[in-house]
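S.K.: Before anything else, here's the structure in question.
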């Protein structure tokens, strides 16, 4: 039973972690190689890895998606430790609109233009920081969604993930707050009810005992008196 | 369509948070008032006076700025969303 509980807890933490890892912004140091646009089929379960723009028909099964091809600096530990090696990385470039995840991105065409403008060759690289969310998976053909790109002078530029810092501080505050609210609710609302229920039970059983006593005494009056 | 959905569900979610927070802060305030009374009158068993004291305290809490600050639950997310919309789409 204890192992089952632990397992469920680990599962819950993993699920929340996966959702956060998918949807929170991450920063890559990249060099844009090219951009392209390709027709994508949207009729199987991998649909979840594509955006759902507002102005798109719900029954549409394929549409054009813009992509940004880059060479990316590899990292360790979720991007905190930079490595010298590079790898190919392709981002999709789609509006998220007003739906989940809440990036409120509407400037896909502008971003594509900025990425095109930053194109460079290995001989004369122009490095940039690409903000994105999502996962690249070659087997599922899923691509991270590019959110914004900004040029940097050197590929070793220090990136501070401000949004994630605020997000996790807020998350901790929210969890502490919910625990405090729950404790307060329990102390002020549930416990008094339980106490008074306990009191009422005590009173009721005392009352029953007394009535029993009275009944016994009354019955006693019917007993024959001492025979003298 | 997405905008309307966000506004409707956002409003519902924020209302739930607003109600829970205002109930919580009222409850904490009432508890503090009861503790104050117990400290000031350690051996008083005058329940009516205690109720009047707590009711007065709650009345002045309801009129205070602190009670109204819970309304920020609606204001702050609206500002945050506006800032994110601007930051994402401005060049």
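S.K.: Is the stretch A:88-109 home to any residue that is more than 12 Å from chain B (Cβ to nearest Cβ), in a loop (DSSP other than H, G, I, E, B) and loosely packed, with under 13 Cβ neighbours inside 10 Å?
M.R.: As a first pass, look at the stretch A:88-109 and keep what is more than 12 Å from chain B (Cβ to nearest Cβ): A:88-94.
Filter once more, keeping what is in a loop (DSSP other than H, G, I, E, B): A:94.
When the remaining residues are screened for being loosely packed, with under 13 Cβ neighbours inside 10 Å, the result is none.
No, there is no match, as no residue in the stretch A:88-109 is more than 12 Å from chain B (Cβ to nearest Cβ), in a loop (DSSP other than H, G, I, E, B) and loosely packed, with under 13 Cβ neighbours inside 10 Å.
S.K.: Check B:70, B:75 and return the single one that is in contact with a helix residue (DSSP H, G or I) (Cβ under 6 Å, 6 or more places away or on another chain) and at pLDDT 90 or above. Working first, answer last.
M.R.: Details: B:75 fails: in contact with a helix residue (DSSP H, G or I) (Cβ under 6 Å, 6 or more places away or on another chain).
Matching residue, one of B:70, B:75: B:70.
S.K.: Another question, then. Could you list, in sequence order, the residues of the stretch B:35-44 that are part of a helix (DSSP H, G or I) and either surrounded by fewer than 16 Cβ atoms within 10 Å (Cβ to Cβ) or at pLDDT 95 or above (or both)? Don't jump to the end; show me each part of the working.
M.R.: Applying the first criterion (part of a helix (DSSP H, G or I)) to the stretch B:35-44 yields B:35-40.
Across the stretch B:35-44, the qualifying residues are B:35, B:36, B:38, B:39, B:40.
S.K.: I've got another one for you. Only one of (1) modelled with pLDDT of 90 or more; (2) within 20 Å of residue A:27 (Cβ to Cβ); (3) touching a strand residue (DSSP E or B) at 6+ places or on another chain (Cβ under 6 Å) fails for residue A:83. Which number is that?
M.R.: (1)
S.K.: Something else now. Tally time: how many residues in the stretch A:91-108 are farther than 25 Å from residue A:78 by Cα and in contact with a strand residue (DSSP E or B) (Cβ under 8 Å, 6 or more places away or on another chain)? Give the derivation first.
M.R.: Narrowing the stretch A:91-108 to residues farther than 25 Å from residue A:78 by Cα: A:97-99, A:106-108.
Pick out the ones that are also in contact with a strand residue (DSSP E or B) (Cβ under 8 Å, 6 or more places away or on another chain) and you get A:108.
Residues in the stretch A:91-108 being farther than 25 Å from residue A:78 by Cα and in contact with a strand residue (DSSP E or B) (Cβ under 8 Å, 6 or more places away or on another chain): 1 in total.
S.K.: Looking at (1) within 13 Å of another protein chain (Cβ to nearest Cβ); (2) assigned to a loop (DSSP other than H, G, I, E, B); (3) touching a helix residue (DSSP H, G or I) at 6+ places or on another chain (Cβ under 6 Å), can you tell me which one residue A:181 breaks?
M.R.: Looking at each condition in turn, residue A:181 falls short on (2).
S.K.: Quick one: count up the residues across the stretch A:70-80 that are more than 11 Å from residue A:146 (Cβ to Cβ) and at pLDDT 85 or above.
M.R.: Initially, the stretch A:70-80 is screened for residues more than 11 Å from residue A:146 (Cβ to Cβ), giving A:71-80.
Cutting the leftovers down to at pLDDT 85 or above gives us A:71-76.
Within the stretch A:70-80, residues that are more than 11 Å from residue A:146 (Cβ to Cβ) and at pLDDT 85 or above number 6.
S.K.: Identify the residue in the stretch A:124-160 that is touching a helix residue (DSSP H, G or I) at 6+ places or on another chain (Cβ under 8 Å) and assigned to a loop (DSSP other than H, G, I, E, B) and, among all such residues, is farthest from residue A:22 (Cα to Cα).
M.R.: Ranking the qualifying residues of the stretch A:124-160, first place goes to A:159.
S.K.: For the subset of the stretch A:34-63 comprising residues that are more than 30 Å from residue A:152 (Cβ to Cβ) and assigned to a strand (DSSP E or B), which member is modelled with the highest pLDDT?
M.R.: Here the answer is A:39.
S.K.: Tell me yes or no: at least one residue of the stretch A:56-76 is within 14 Å of another protein chain (Cβ to nearest Cβ) and exposed (fewer than 10 other Cβ atoms within 10 Å of the Cβ). Even if it seems obvious, please write down each step before you answer.
M.R.: Of the residues in the stretch A:56-76, the ones within 14 Å of another protein chain (Cβ to nearest Cβ) are A:56-58.
From what is left, the residues that are exposed (fewer than 10 other Cβ atoms within 10 Å of the Cβ) are A:57-58.
There is at least one residue in the stretch A:56-76 that is within 14 Å of another protein chain (Cβ to nearest Cβ) and exposed (fewer than 10 other Cβ atoms within 10 Å of the Cβ).
S.K.: If you don't mind, there's one more thing I want to ask. In this structure, does residue A:192 turn out to be within 22 Å of residue B:32 (Cα to Cα) and either at pLDDT below 85 or under 36 Å from the mean Cα position of the chain (by Cα) (or both)? Walk me through how you get there before you give the answer.
M.R.: Numbers: within 22 Å of residue B:32 (Cα to Cα): yes; either at pLDDT below 85 or under 36 Å from the mean Cα position of the chain (by Cα) (or both): yes.
Yes.
The rows are residues; the columns are (1) surrounded by 13 or more Cβ atoms within 10 Å (Cβ to Cβ); (2) within 14 Å of chain B (Cβ to nearest Cβ); (3) under 21 Å from residue A:24 (Cα atoms).
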| residue | (1), (2), (3) |
| --- | --- |
| A:114 | yes, yes, no |
| A:127 | yes, no, no |
| A:134 | yes, no, yes |
| A:139 | no, no, no |
| A:147 | yes, yes, yes |
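S.K.: Kindly indicate whether residue A:185 is modelled with pLDDT under 95, over 30 Å from residue A:73 (Cα atoms) and either touching a strand residue (DSSP E or B) at 6+ places or on another chain (Cβ under 7 Å) or surrounded by 12 or more Cβ atoms within 10 Å (Cβ to Cβ) (or both). Step through it out loud before you land on a result.
M.R.: On the way: modelled with pLDDT under 95: yes; over 30 Å from residue A:73 (Cα atoms): yes; either touching a strand residue (DSSP E or B) at 6+ places or on another chain (Cβ under 7 Å) or surrounded by 12 or more Cβ atoms within 10 Å (Cβ to Cβ) (or both): yes.
Against the criterion (modelled with pLDDT under 95, over 30 Å from residue A:73 (Cα atoms) and either touching a strand residue (DSSP E or B) at 6+ places or on another chain (Cβ under 7 Å) or surrounded by 12 or more Cβ atoms within 10 Å (Cβ to Cβ) (or both)), residue A:185 qualifies.
S.K.: From the list B:54, B:28, B:80, pick out the single residue that is part of a helix (DSSP H, G or I) and either away from chain A (no Cβ under 14 Å) or within 30 Å of residue A:100 (Cα to Cα) (or both).
M.R.: Numbers: B:54 fails: either away from chain A (no Cβ under 14 Å) or within 30 Å of residue A:100 (Cα to Cα) (or both); B:28 fails: either away from chain A (no Cβ under 14 Å) or within 30 Å of residue A:100 (Cα to Cα) (or both).
One residue alone meets the criteria, B:80.
The values are calculated or read from the model by the stated rules, or taken from the named source; none is laboratory data. This structure is a prediction, so every number in the text was calculated from the model and none was measured. All Cβ positions, even for glycine, are placed from backbone atoms using ideal geometry, and neighbour counts span all protein chains on display.
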